[in-house]
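**Student:** Structure below; questions to follow.
The values are calculated or read from the model by the stated rules, or taken from the named source; none is laboratory data. Values in this document were obtained by computation on a predicted structure and should not be read as measured data. Quick reminder, even Gly has a Cβ in these numbers, built from the backbone with ideal geometry, and neighbours come from all protein chains shown. Heads up: the accessible areas ignore ligands, DNA and RNA and are worked out on the full protein's heavy atoms, side chains in. Shrake-Rupley method; radii C 1.70, N 1.55, O 1.52, S 1.80 Å.
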Amino acid sequence: MAHGRGKRLSRWGWEVIVQHEPKPGVLARRDAIIAGLRRLLPEDNVIGDALRLKPYETDGLSAYRQIPLAVALPETTEQVAAVMAYCHREGVRVVPRGAGTSLSGGALPLEDAVVLGLMKMSRILEIDYADRLAVVQAGVTNIGITNAVSANEFFYAPDPSSQLACMIGGNVMMNSGGAHCLRYGVTANNLLGLKLVTVEGEILEIGGAYCDAAGYDWLGLITGSEGQLAIVTEVTVRILRSPEGQRAMLAAFDSIPVAGACVDAIISSGIIPVALEFMDKPCIHACEDFAHAGYPLDAEAMLIIEVEGSVVEQDDLLSRIREICAQFNPISMKVSQSAEESLAIWKGRKGAFGAVGRISPDYLCMDGTIPTSRLPEVLGRITEMSHECGLGVANVFHAGDGNLHPLIMFDANDPESFRKAEKFGGDILKLCVDVGGCLTGEHGVGVEKRDLMTYQFNPIELNQQRRVKSAFDPQWLLNPSKVFPLEDTTPPAMAAE
Amino acid sequence: MFAPNSEAELAQAIGAAYAAAEPVWVHGQGSKAQSMRSVQAARSLSTRNLSGIELYSPKELIFSAQSGTKVSEIEAMLAANDQHMIAETPDFSALLGSTAPQTLGGVVAAGLSGPRRISLGATRDHVMGVRAVNGLGETIRSGGRVLKNVTGLDICKLLTGSHGTLAVMSEITMKVLPAPERRATVAIAGLDPVRAVAALAAALGSPYAVSAAAYLPAQAAARVPAVAWLQGSVTLARIEDFTPSVAYRADRLRSDLAAFGVAEILDDAASRALWAAVRDAQPLAAAPDDAIWRVSVRPSAGPRVVAALEAAFGAAGFLDWGGGLVWVAGPATDAAHAAVMAAALREGGTWQLLRGPDALRNAVAVIPPEPDAMARISARVKLAFDPKSILNPGRMRAGL
Ligand SMILES: Cc1cc2nc3c(=O)[nH]c(=O)nc-3n(C[C@H](O)[C@H](O)[C@H](O)COP(=O)(O)OP(=O)(O)OC[C@H]3O[C@@H](n4cnc5c(N)ncnc54)[C@H](O)[C@@H]3O)c2cc1C
């Protein structure tokens with residue numbers, strides 16, 4: 001990293017990331033702060049000893065690790081408010097945490113920060129089928145919402161691959177997507193309201209069980225704000241009635257540009273499948289080895305296309321789609337014949353990251369978005385870059401919306417390999433910006449892409465965002481060292497103040 | 001009135017107003033000037049000359065246009081490619097007594113969404129990118145031209161619905177969708193509001209992807225030719241998709257709703273006319289002196305709001321969004337406004353006084369006030385964009 005100040009973190013004995021310099025006063029008062037937190041929460045819910053702090057040292061981006069000052073695990077909104085008010089008074093930084101599955105290091109602790117874990121707030125508070133909403137605490141898992149309503153044939157739409165573990169509070173803060181967001185939108189499109197705790201410890205409700213919250217769109221601003229603005233304790237989500245059925249098909253092609261052209265043709269025909277996923281050859285192989293879904297091993301590119309509705313409607317849509325695919329000389333097409341076959345097809349896709357993990361000791365998962373028209377060119381360039389740096393890459397992504405997930409394979413025992421992987425990843429993201437896309441489609445900026453923000457935004461734009469952060473968190477106590485480049489994270493003054 | 005011809009001229013004009021610390025009345029064509037609170041400003045700036053479509057990529061489901069571009073021009077361009085704006089942008093010009101065409105910047109700044117809001121989201125859900133000039137005269141971008149983007153804070157959503165109080169949008173990029181091949185509407189005549197909303201809940205909770213759900217009481221229905229012949233109140237659920245799907249689903253929905261009464265199925269042409277009327281609140285255009293409110297509550301609470309306001313001042317109106325959007329017309333008085341606020345608050349909802357004489361709009365809370373802790377943040381966010389409070393001061397709330 002370019003600059004000298006700040007705290008360097010390392011995992012394998014070499015420097016990987018820099019965070020804010022710890023506040024010496026806070027480190028010195030560690031025991032008093034832990035005692036202070038113990039006065040606010042049940043005894044067991046404050047962690048101070050090294051062994052029990054260890055599980056909180058990292059998140060889904062395990063290259064970066066830092067043991068926090070302490071961990072606080074509140075069970076109610078009021079307890080969250082008490083902890084926040086206390087930390088605010090004491091000038092202590094706070095890193096909120098859900099399940100810790102962030103792939104961008106969004107929940108990475110700081111040495112002088114209290115990690116505020118929401119996982120004990122895991123109750124479903126209300127389900128209303130007539131008004132099609134559920135009110136849940138922030139620590140309810142994503143799948144937990146769907147599980148709670150599935151007996152009534154309802155579901156919660158955004159379905160990140162991490163849905164068994166990740167929590168709705170984390171989903172809100174990352175504005176997570178999923179395989180079905182082409183049809184159903186991302187987290188932001190499926191929320192109605194939030195209960196928040198401000199950095200000062202005040203409890204706020206925004207939005208609610210209705211559609212039109214007059215005034216500024218706080219719900220939209222908070223969603224995807226990566227723990228920078230406030231703590232989420234409760235979430236009101238839209239729940240939807242399940243379709244009558246769904247069915248997936250596979251279409252395999254012998255070239256990536258042809259598969260890309262086929263995606264364009266499907267969308268241009270007026271069909272928006274519920275899912276339209278793309279895998280390249282390395283990914284197909286990795287996933288097939290693990291899921292045995294009958295993926296075509298001879299293909300350069302494969303599409304998973306899912307439609308929904310009654311059997312008749314599925315047949316109609318699938319025949320339209322098959323007709324379109326047929327114009328692109330597919331190597332093979334396979335329509336799932338049963339619910340089990342569809343499940344196997346999705347098992348491969350949803351397990352893709354894990355599957356790549358089986359063939360490479362370590363991987364970095366990138367997450368840029370590009371205009372879909374630039375797909376062939378960008379994938380071609382990524383392959384070239386892979387040859388240039390000598391690291392393998394597997395591509396699996398949401399084709400309908402251009403959200404790429406190149407998985408860069410490297411060896412964590414080799415510092416050189418990690419450095420190359422980081423550079424390769426950074427170059428891919430810069431390429432995404434160059435072609436008119438962005439650094440992150442759904443995994444967030446976190447610490448990982450923080451220093452690339454200057455590539456997408458100019459100083460004026462970053463300062464505008466930083467002033468919004470300051471409006472919520474004037475002293476920058478909430479999740480510092482994330483999202484904004486470290487060089488200039490002194491709270492900007494408001495001109496008129 | 002100054003109408004810049006380019007974003008650079010816009011930035012210069014705001015920069016000059018900032019230097020002079022003089023407030024600016026920011027607007028497009030002014031079609032919504034008679035809504036919200038009026039702005040007292042030394043300067044007046046219109047985006048009307050910032051016009052033109054910058055990008056349209058049908059297969060990427062995206063277009064970008066300068067903020068002063070007429071919505072009608074965009075809709076025509078999309079229609080030529082069998083696509084449409086997802087949130088079904090309403091046009092309240094008739095209600096607001098304006099003949100000015102709406103601009104894209106205007107409908108985004110006002111955060112307006114039509115009947116499809118209940119199924120596919122609001123305008124804010126489809127704004128993918130903006131370019132804007134803040135109150136310092138600085139040009140900023142947020143979002144972009146791709147469908148998925150979580151890079152940095154979502155300033156796009158914050159600007160949508162902010163009525164020009166934070167920044168002046170110069171260019172907007174929006175997601176679009178293929179227009180349906182066919183529409184049909186399942187219509188049940190003669191229900192009271194409570195039964196109607198139960199029927200709409202059943203329709204929206206069905207697997208048939210109902211895209212809009214409204215209830216017109218007899219008086220409102222009589223003003224919409226597409227349903228007037230049903231003679232009485234009408235409970236309406238729309239389905240739109242490929243032709244075979246629409247036929248199948250409308251039929252299934254009709255039988256699923258049999259317990260509520262015998263349903264008619266309105267065809268494509270009738271559905272188009274009907275939902276345009278619902279979208280633009282045409283049934284309320286008849287009484288030009290009435291004030292008009294939009295009350296937003298949880299759908300099942302809609303009938304209670306209707307009953308309360310009928311009792312309070314003989315309110316007329318209708319329900320959209322499955323019951324969650326209550327359109328209310330009544331006398332333009334403080335007392336009626338107080339009754340609307342009370343009814344909305346009782347149900348934990350929100351309101352907007354959409355139309356009323358200046359005196360009323362400037363005297364009352366046209367949208368709900370915020371609790372203290374939120375109001376403090378609001379004020380700071382306003383300053384973060386507009387440190388001298390020169391952009392549309394007081395447009396949304398007194399002092400903001
Ligand atoms: C195998 C795997 C697959 C994945 N697949 C997807 C995918 O398909 N789509 C996708 O979008 N993401 C995916 N992710 C990324 C990750 O799961 C999401 O970002 C998820 O939303 C994070 O939820 P979490 O509960 O783990 O949050 P955490 O990782 O704990 O936190 C995420 C961020 O939110 C903040 N935060 C968490 N809870 C709160 C709260 N209550 N209040 C305030 N701030 C809070 C944290 O500080 C942090 O910045 C995947 C991750 C893995 C490991």
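**Student:** So, in the stretch B:82-111, how many residues would count as being within 27 Å of B:PHE242 (Cα to Cα) and either within 12 Å of the chain's Cα centre (by Cα) or more than 9 Å from chain A (Cβ to nearest Cβ) (or both)? Outline the logic, then answer.
**Tutor:** The initial filter retains those residues of the stretch B:82-111 that are within 27 Å of B:PHE242 (Cα to Cα), namely B:82-91.
The next check asks that each one be either within 12 Å of the chain's Cα centre (by Cα) or more than 9 Å from chain A (Cβ to nearest Cβ) (or both); those that pass are B:84-91.
Going through the stretch B:82-111 one residue at a time, the tally reaches 8.
**Student:** Going through A:LEU61, A:LEU53 one at a time, which residue ends up being open to solvent by less than 40 Å² (accessible area, probe 1.4 Å) and part of a helix (DSSP H, G or I)? Full working, then the answer.
**Tutor:** Working: A:LEU61 fails: part of a helix (DSSP H, G or I).
Residue meeting the stated conditions: A:LEU53.
**Student:** In contact (Cβ under 8 Å) with a residue 12 or more places away in the chain, within 24 Å of the chain's Cα centre (by Cα) and open to solvent by 40 Å² or more (accessible area, probe 1.4 Å): is that true of A:ARG97 in this structure? Outline the logic, then answer.
**Tutor:** Working: in contact (Cβ under 8 Å) with a residue 12 or more places away in the chain: yes; within 24 Å of the chain's Cα centre (by Cα): yes; open to solvent by 40 Å² or more (accessible area, probe 1.4 Å): no.
Taking the combined requirement at face value, the residue does not satisfy it.
**Student:** Since A:ALA165 meets every condition but one in (1) touching a strand residue (DSSP E or B) at 6+ places or on another chain (Cβ under 8 Å); (2) within 27 Å of B:SER113 (Cα to Cα); (3) part of a loop (DSSP other than H, G, I, E, B); (4) open to solvent by 10 Å² or more (accessible area, probe 1.4 Å), which condition does it not meet?
**Tutor:** Tallying (1) touching a strand residue (DSSP E or B) at 6+ places or on another chain (Cβ under 8 Å); (2) within 27 Å of B:SER113 (Cα to Cα); (3) part of a loop (DSSP other than H, G, I, E, B); (4) open to solvent by 10 Å² or more (accessible area, probe 1.4 Å), A:ALA165 fails exactly one: (2).
**Student:** Given (1) more than 15 Å from the ligand (Cβ to nearest atom); (2) within 9 Å of another protein chain (Cβ to nearest Cβ), identify the lone condition not met by A:MET174.
**Tutor:** The one condition A:MET174 does not meet is (1).
**Student:** Filtering the stretch B:300-322 down to residues that are closer than 20 Å to B:PHE92 by Cα and in contact with a Gly (Cβ under 6 Å, 6 or more places away or on another chain), which residue is most open to solvent (accessible area, probe 1.4 Å)? Spell out how you get there, then give the answer.
**Tutor:** Restricting attention to the stretch B:300-322, the residues satisfying the condition of being closer than 20 Å to B:PHE92 by Cα are B:315-321.
From what's left, in contact with a Gly (Cβ under 6 Å, 6 or more places away or on another chain): B:315, B:319.
Values: B:ALA315: 18, B:LEU319: 2 Å².
Checked the stretch B:300-322; the qualifying residue most open to solvent (accessible area, probe 1.4 Å) is B:ALA315.
**Student:** Name every residue in the stretch A:89-101 that is in contact with a helix residue (DSSP H, G or I) (Cβ under 7 Å, 6 or more places away or on another chain), outside any loop (DSSP other than H, G, I, E, B) and away from the ligand (no atom under 12 Å from the Cβ), in order of residue number.
**Tutor:** Matches in the stretch A:89-101: A:GLU90 only.
**Student:** Kindly establish whether A:ILE382 is under 20 Å from A:GLN456 (Cβ atoms) and either more than 18 Å from the chain's Cα centre (by Cα) or basic (Lys, Arg) (or both). Walk me through how you get there before you give the answer.
**Tutor:** Details: under 20 Å from A:GLN456 (Cβ atoms): yes; either more than 18 Å from the chain's Cα centre (by Cα) or basic (Lys, Arg) (or both): yes.
When the stated conditions are applied, A:ILE382 passes them.
**Student:** Something else about it: Give me a count of the residues in the stretch A:453-487 that are more than 12 Å from the ligand (Cβ to nearest atom) and open to solvent by less than 30 Å² (accessible area, probe 1.4 Å). Let's see the steps before the verdict.
**Tutor:** Residues of the stretch A:453-487 more than 12 Å from the ligand (Cβ to nearest atom): A:453-471, A:474-477, A:484-487.
Add one more test, that the residue is open to solvent by less than 30 Å² (accessible area, probe 1.4 Å), and what stays is A:453, A:456-457, A:461-462, A:464-471, A:476-477, A:484-486.
Result for the stretch A:453-487: 18.
**Student:** Could we say that A:ASP217 is modelled with pLDDT under 95, buried (at least 21 other Cβ atoms within 10 Å of the Cβ), more than 15 Å from the ligand (Cβ to nearest atom) and charged (D, E, K, R) here? Working first, answer last.
**Tutor:** Working: modelled with pLDDT under 95: no; buried (at least 21 other Cβ atoms within 10 Å of the Cβ): yes; more than 15 Å from the ligand (Cβ to nearest atom): yes; charged (D, E, K, R): yes.
No; evaluated as a whole, the condition is false for this residue.
**Student:** Right, something else. Checking A:GLY224 against (1) within 18 Å of A:VAL468 (Cα to Cα); (2) surrounded by fewer than 24 Cβ atoms within 10 Å (Cβ to Cβ); (3) facing another protein chain (nearest Cβ under 7 Å), only one condition comes out false. Which one?
**Tutor:** (2)
**Student:** Another one. Looking at the stretch B:250-267 only, could you name the residues that are part of a helix (DSSP H, G or I), open to solvent by less than 80 Å² (accessible area, probe 1.4 Å) and touching a residue at least 60 places away in the same chain (Cβ under 8 Å)?
**Tutor:** Selection gives B:ALA250, B:LEU253, B:PHE260.
**Student:** Here is a further query. Of the residues that sit in the stretch B:58-80 and are touching a residue at least 24 places away in the same chain (Cβ under 8 Å) and within 15 Å of B:PRO178 (Cβ to Cβ), which one is most open to solvent (accessible area, probe 1.4 Å)?
**Tutor:** Residues of the stretch B:58-80 that are touching a residue at least 24 places away in the same chain (Cβ under 8 Å), as a first pass: B:58, B:60-72, B:74, B:77-79.
The next check asks that each one be within 15 Å of B:PRO178 (Cβ to Cβ); those that pass are B:58, B:60-63, B:77-79.
Working: B:PRO58: 43, B:GLU60: 15, B:LEU61: 2, B:ILE62: 0, B:PHE63: 0, B:MET77: 37, B:LEU78: 0, B:ALA79: 61 Å².
Out of the qualifying residues, it is B:ALA79.
**Student:** Can you tell which of A:ALA299, A:ALA344, A:ALA352, A:ALA291 is away from chain B (no Cβ under 14 Å), open to solvent by less than 70 Å² (accessible area, probe 1.4 Å) and at pLDDT 95 or above? Talk me through it step by step, then tell me what you get.
**Tutor:** Working: A:ALA344 fails: at pLDDT 95 or above; A:ALA352 fails: at pLDDT 95 or above; A:ALA291 fails: at pLDDT 95 or above.
Matching residue, one of A:ALA299, A:ALA344, A:ALA352, A:ALA291: A:ALA299.
**Student:** Another question, then. Is it the case that A:ASP31 is away from the ligand (no atom under 12 Å from the Cβ), under 25 Å from A:ILE168 (Cα atoms) and not assigned by TED's automatic domain parsing to the domain that holds A:LEU196? It would help to see each step written out before you state the result.
**Tutor:** Values: away from the ligand (no atom under 12 Å from the Cβ): yes; under 25 Å from A:ILE168 (Cα atoms): no; not assigned by TED's automatic domain parsing to the domain that holds A:LEU196: yes.
For A:ASP31, the condition - away from the ligand (no atom under 12 Å from the Cβ), under 25 Å from A:ILE168 (Cα atoms) and not assigned by TED's automatic domain parsing to the domain that holds A:LEU196 - is not met.
**Student:** Let me ask something else about it. Among the residues of the stretch A:102-139 satisfying the criterion of being part of a strand (DSSP E or B) and of a type in the set (D, E, K, R), which is farthest from the ligand (Cβ to nearest atom)? Quick ask: steps written out before the conclusion?
**Tutor:** So in the stretch A:102-139, the residues part of a strand (DSSP E or B) come out as A:113-117, A:124-128, A:133-137.
Retained after the next criterion (residues that are of a type in the set (D, E, K, R)): A:126, A:128.
Working: A:GLU126: 18, A:ASP128: 22 Å.
Checked the stretch A:102-139; the qualifying residue farthest from the ligand (Cβ to nearest atom) is A:ASP128.
**Student:** Still on this structure, please answer the following. Going residue by residue through the stretch A:124-133, is there one that turns out to be of a type in the set (Val, Ile, Thr), within 28 Å of A:VAL94 (Cα to Cα) and buried (at least 21 other Cβ atoms within 10 Å of the Cβ)? Give the steps one after another, and end with the answer.
**Tutor:** Step one: list which residues in the stretch A:124-133 are of a type in the set (Val, Ile, Thr), which gives A:124, A:127.
Adding the requirement that they be within 28 Å of A:VAL94 (Cα to Cα) leaves A:124.
Narrowing further to those that are buried (at least 21 other Cβ atoms within 10 Å of the Cβ): none.
No - not one qualifying residue is present in the stretch A:124-133.
**Student:** Among the residues of the stretch A:150-172, which ones are in contact with a Leu (Cβ under 9 Å, 6 or more places away or on another chain) and more than 20 Å from B:VAL150 (Cβ to Cβ)? Reasoning before the result, please.
**Tutor:** First, pick out the residues of the stretch A:150-172 that are in contact with a Leu (Cβ under 9 Å, 6 or more places away or on another chain): A:154-157, A:162, A:167, A:169-170, A:172.
A:PHE154, A:PHE155, listed by residue number.
**Student:** While we're on this one: Within the stretch A:112-144, track down each residue that is within 14 Å of another protein chain (Cβ to nearest Cβ), among the hydrophobic types (A, V, I, L, M, F, W, C) and out of contact with any strand residue (DSSP E or B) (no Cβ under 9 Å at 6 or more places or on another chain). Give the steps one after another, and end with the answer.
**Tutor:** Initial filter on the stretch A:112-144 (within 14 Å of another protein chain (Cβ to nearest Cβ)): A:126-135.
Retained after the next criterion (residues that are among the hydrophobic types (A, V, I, L, M, F, W, C)): A:127, A:130, A:133-135.
Within the stretch A:112-144, A:ALA130 is the sole residue that qualifies.
**Student:** Let me ask something else about it. State all residues of the stretch A:433-449 that are buried (at least 22 other Cβ atoms within 10 Å of the Cβ) and not in a loop (DSSP other than H, G, I, E, B); if no residue qualifies, say none. Show your work before the answer.
**Tutor:** First, the residues of the stretch A:433-449 that are buried (at least 22 other Cβ atoms within 10 Å of the Cβ): A:437-449.
The answer is A:CYS438, and nothing else.
**Student:** Would you mind stating whether A:GLY380 is of a type outside the set (A, V, I, L, M) and away from the ligand (no atom under 16 Å from the Cβ)? Before you say what the answer is, go through the steps one by one.
**Tutor:** Numbers: of a type outside the set (A, V, I, L, M): yes; away from the ligand (no atom under 16 Å from the Cβ): yes.
Answer is yes for this residue.
**Student:** For the stretch A:253-273, check the following and say yes or no: at least one residue is part of a loop (DSSP other than H, G, I, E, B), within 26 Å of the chain's Cα centre (by Cα) and touching a residue at least 24 places away in the same chain (Cβ under 8 Å). Before you say what the answer is, go through the steps one by one.
**Tutor:** First, the residues of the stretch A:253-273 that are part of a loop (DSSP other than H, G, I, E, B): A:254-255, A:269-273.
Subsequent filtering for residues that are within 26 Å of the chain's Cα centre (by Cα) retains A:272-273.
Imposing the further condition that a residue be touching a residue at least 24 places away in the same chain (Cβ under 8 Å) reduces the set to A:272-273.
Scanning the stretch A:253-273, I find at least one residue that is part of a loop (DSSP other than H, G, I, E, B), within 26 Å of the chain's Cα centre (by Cα) and touching a residue at least 24 places away in the same chain (Cβ under 8 Å), so the answer is yes.
**Student:** So in the stretch A:33-42, with the set limited to residues that are closer than 11 Å to A:PRO74 by Cα and either modelled with pLDDT under 95 or of a type in the set (A, V, I, L, M) (or both), which one is most open to solvent (accessible area, probe 1.4 Å)?
**Tutor:** A:LEU40
**Student:** Provide a single number: the residues in the stretch B:322-364 that are basic (Lys, Arg) and in a helix (DSSP H, G or I). Talk me through it step by step, then tell me what you get.
**Tutor:** If we filter the stretch B:322-364 for residues that are basic (Lys, Arg), which is where we start, we get B:346, B:355, B:361.
After this cut, where a residue has to be in a helix (DSSP H, G or I) as well, the list is B:346, B:361.
Adding up the residues that qualify gives 2.
**Student:** OK, next. If you take the residues in the stretch B:338-352 that are facing chain A (nearest Cβ under 10 Å) and surrounded by 19 or more Cβ atoms within 10 Å (Cβ to Cβ), which one is nearest to B:LEU309 (Cα to Cα)?
**Tutor:** B:ALA344
**Student:** Name, by its number, the condition in (1) polar (S, T, N, Q); (2) open to solvent by less than 30 Å² (accessible area, probe 1.4 Å); (3) in a helix (DSSP H, G or I) that does not hold for B:SER113.
**Tutor:** Against the list (1) polar (S, T, N, Q); (2) open to solvent by less than 30 Å² (accessible area, probe 1.4 Å); (3) in a helix (DSSP H, G or I), B:SER113 comes up short only on (3).
**Student:** Return the only residue of A:ALA82, A:ALA148 being among the small types (Gly, Ala, Ser), part of a helix (DSSP H, G or I) and within 16 Å of the ligand (Cβ to nearest atom). Please lay out each step first, then the result.
**Tutor:** Numbers: A:ALA148 fails: within 16 Å of the ligand (Cβ to nearest atom).
Result: A:ALA82 is the single residue among A:ALA82, A:ALA148 that is among the small types (Gly, Ala, Ser), part of a helix (DSSP H, G or I) and within 16 Å of the ligand (Cβ to nearest atom).
**Student:** Next question, about the same structure. Checking the condition open to solvent by 20 Å² or more (accessible area, probe 1.4 Å), within 7 Å of chain A (Cβ to nearest Cβ), under 16 Å from A:ALA214 (Cα atoms) and among the basic types (Lys, Arg), which residue from B:ARG141, B:ARG124, B:ARG145 passes? Spell out the reasoning first.
**Tutor:** Details: B:ARG141 fails: under 16 Å from A:ALA214 (Cα atoms); B:ARG145 fails: under 16 Å from A:ALA214 (Cα atoms).
Just one listed residue meets the conditions, B:ARG124.
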